[in-house]
Amino acid sequence: MKIHKKEFQIVESKTCNPEIFLEEILQSFVSQILSLEIKVYICRRNEFQMEITADWKKYKLVLFNVLQNALKYNQFMGDVLLILTCHPSTTHIGESIFETEVIDTGIGISKNR
């Protein structure tokens, strides 16, 4: 799932460490993670500054929903991988694009949809 600026307006921005932020969101799912013995990994695809300015409230809403589904439809002893990537914007000089990929061992969505 990709969210583009035109479809998902950034309203409230503040500076935050994305790894710490992800760990805080994951705390909401600790009992589910432990009961299903799911392994959760957070990794960086590249180096970037630790503090990123973004609309963390909206990011949390989206990521919470995606993680909830990644865990709900996962298998016993499955995996969830969160990959963080930050790269320069091709349209706005001096700005960067922060991406979060969620890869899991769940059942996925049928291609017939």
What are the ³J(HN,Hα) values, in whole Hz, obtained from phi via the Karplus relation 6.51 cos²θ - 1.76 cosθ + 1.60 with θ = phi - 60°, for each residue of the range 82-89 in sequence order, with x given for Gly and Pro?
-> 10, 10, 9, 9, 9, 9, x, 5
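In the range 27-80, what trypsin sites (Lys or Arg not before Pro) fall in a loop by DSSP, with at most 12 other Cβ atoms inside 10 Å?
Those satisfying the criteria are R45.
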What ³J(HN,Hα) values, in whole Hz, does the Karplus curve 6.51 cos²θ - 1.76 cosθ + 1.60 give for the range 92-105 when θ = phi - 60°, with x put for Gly and Pro?
-> 10, 4, x, 10, 10, 10, 9, 10, 10, 9, 10, 10, 9, 9
What is the set of long-range amide H partners of I97 at a cut-off below 5 Å, with H atoms built 1.01 Å from backbone N?
-> H87, S89
HN-Hα couplings for the range 67-76 via Karplus (6.51, -1.76, 1.60; θ = phi - 60°), in whole Hz with x for Gly/Pro, come out as 5, 4, 5, 4, 7, 4, 9, 8, 9, 4
Just need the relative contact order of the range 14-104 here, percent rounded to a whole number, with Cα pairs under 8 Å and 6+ apart.
-> 33 percent
Going by how many other beta carbons lie within 10 Å of each one, how would you line up I33, I107, I25, I38, fewest first?
-> I107, I25, I33, I38
Decide, for the range 14-104, between rounded, prolate and oblate: order the square roots of the alpha carbon gyration tensor eigenvalues as a ≥ b ≥ c, take rounded if a/c falls under 1.5, and otherwise choose prolate if a/b is larger than b/c, else oblate.
-> prolate
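The numbers here are math on the coordinates, done by the rules we state, and not lab data. Everything numeric in this text was worked out from a predicted model, so none of it was measured. Positions of Cβ are generated from backbone atoms using ideal geometry, with glycine treated the same way; all protein chains shown enter the neighbour counts.
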